[in-house]
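A short write-up of the structure that comes next.
The values are calculated or read from the model by the stated rules, or taken from the named source; none is laboratory data. Quantities reported herein were computed from a predicted structural model and do not represent experimental measurements. A quick note on method: Cβ atoms are made from the backbone with ideal geometry, for glycine too, and the neighbour counts reach across all protein chains shown. These area figures cover heavy atoms from the full protein model, side chains too; ligands, DNA and RNA do not enter into them. Shrake-Rupley method; radii C 1.70, N 1.55, O 1.52, S 1.80 Å.
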Amino acid sequence: MSNRPIGEWSWDKTAQTLSVSPKAGEGLGHLLGAWTLSDIAKTMDGLSGARLQRSFSAPLDSVSCEITLADGRRLNLIGRASDHGAAGLIVAASEDVSGTEPGPALSPVYQPIFDVAGQRIVGFEALARWEGADLSSERLEDTALASNMLIRACNALSLWRDETGREDLFVQVNMTGQDLADQTLPDLVAAMVSGYGLDDGQLRLELTEQAALRNTDGAIAMARALKDAGARLVLDDFGSGHSSFLWLAKLPADSLKVDAALIAEIETMRVQTILRAISMLARNLGMGSVAEGVESRDMLSVLADLGFDHVQGYALGRPMPAREALKLLT
Ligand code: G
Ligand code: MN
């Protein structure tokens with residue numbers, strides 16, 4: 001079960017009331033109406049009321065608050081503050097699929113993506129990590145991973161935006177084959193885009209042909225739906241494994257990310273010729289180009305010369321928690 005938008009909320013600062021309008025059929029009819037915080041707190045577990053109070057009194061532009069209802073259901077209130085208060089969407093937090101054991105906590109990291117000169121951060125790729133677990137964690141199979149990563153990544157993006165004033169930063173989130181089959185994802189993307197007030201291009205989803213293999217037509221239809229919902233698409237791992245020209249022809253992607261395995265061979269002339277052709281191909285298709293796996297700064301001038309727009313790799317920045325990424329930006 002993944003995260004889905006199930007209603008709207010707004011906070012009136014003057015009246016100090018929270019208006020809730022749940023969608024029909026979500027079993028939240030009892031929450032409909034305008035509430036004082038102390039009244040609505042009676043429908044939630046004790047700590048949730050206090051968390052709401054803190055979220056609405058925080059001097060931030062964006063609100064993201066997870067609450068737990070008395071019946072145990074968890075909801076996320078996501079939105080933006082205005083002069084009059086705040087407003088946004090209610091998202092049903094996913095059920096924990098791992099049973100009663102509290103598995104390792106998802107703790108995403110963010111790797112900076114630079115302009116090709118390596119001078120300025122233009123965005124980040126969100127990567128899933130688990131506290132106290134290695135990468136081989138079975139959590140990789142978590143059906144709610146993409147939606148959790150989406151929420152966390154948009155949350156991080158809004159932190160960076162609020163703290164630095166940079167409205168041009170973007171965040172990229174990886175989608176698996178399983179995610180591409182999840183029909184609720186476009187709704188969540190639309191909720192994130194409107195809830196966080198994201199501009200076109202600020203939320204980007206990375207897809208691979210590998211992820212689409214089981215159902216290519218379905219994946220293309222999903223990719224279109226995600227784009228209509230307000231996300232841009234990045235074709236990941238281009239130039240190695242499964243990444244055909246047919247896939248490139250069919251996928252309405254906005255940028256192309258060249259696989260690290262190809263970038264690693266950049267010193268050979270044959271590879272440089274291929275990379276130049278790829279960046280030109282991307283440009284002629286109206287797409288941007290990113291080189292990943294940039295492990296030495298010496299590669300930067302070559303990649304600039306080969307026509308790449310963006311670069312990502314250990315030579316420029318390792319994946320790091322959102323707060324550290326913020327320090328890097330300021
Ligand atoms: O294919 P995808 O873009 O999702 O791969 C991202 C992975 O690559 C992450 O796990 C990240 O830690 C890793 N990575 C990032 N930068 C580098 C790099 O410069 N070299 C290598 N070998 N791996 C990198
Ligand atoms: Mn990726």
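Brief remarks on what is shown
- Residues satisfying the stated conditions in the stretch 36-56, i.e. in a helix (DSSP H, G or I) and surrounded by fewer than 12 Cβ atoms within 10 Å (Cβ to Cβ): 38, 46, 47, 54
- Here residue 263 passes the criteria (1) closer than 21 Å to residue 313 by Cβ; (2) open to solvent by 10 Å² or more (accessible area, probe 1.4 Å); (3) within 16 Å of ligand 2 (Cβ to nearest atom) except the one numbered (2).
- Note on the stretch 127-175: residues that are assigned to a loop (DSSP other than H, G, I, E, B), open to solvent by 60 Å² or more (accessible area, probe 1.4 Å), at pLDDT 85 or above and within 16 Å of ligand 2 (Cβ to nearest atom) amount to 1.
- Any chance residue 45 is farther than 24 Å from residue 190 by Cα, at pLDDT 85 or above and over 25 Å from the mean Cα position of the chain (by Cα): no
- Of 18, 69, 47, all but one fail to be within 24 Å of residue 144 (Cα to Cα) and of a type in the set (A, V, I, L, M); the exception is 69.
- Selection of the stretch 266-294 for residues being loosely packed, with under 14 Cβ neighbours inside 10 Å and acidic (Asp, Glu) yields only 267.
- The stretch 194-236, subset within 16 Å of ligand 2 (Cβ to nearest atom), modelled with pLDDT of 95 or more and open to solvent by 30 Å² or more (accessible area, probe 1.4 Å), residue nearest to residue 176 (Cα to Cα): 204
- Options 3, 76: the member that is surrounded by 14 or more Cβ atoms within 10 Å (Cβ to Cβ) and touching an Asp or Glu at 6+ places or on another chain (Cβ under 6 Å): 76
- Of all residues in the stretch 202-220 being without any contact (Cβ under 8 Å) to a residue 40 or more places away in the chain and out of contact with any Gly (no Cβ under 9 Å at 6 or more places or on another chain), the one that is nearest to residue 124 (Cα to Cα): 205
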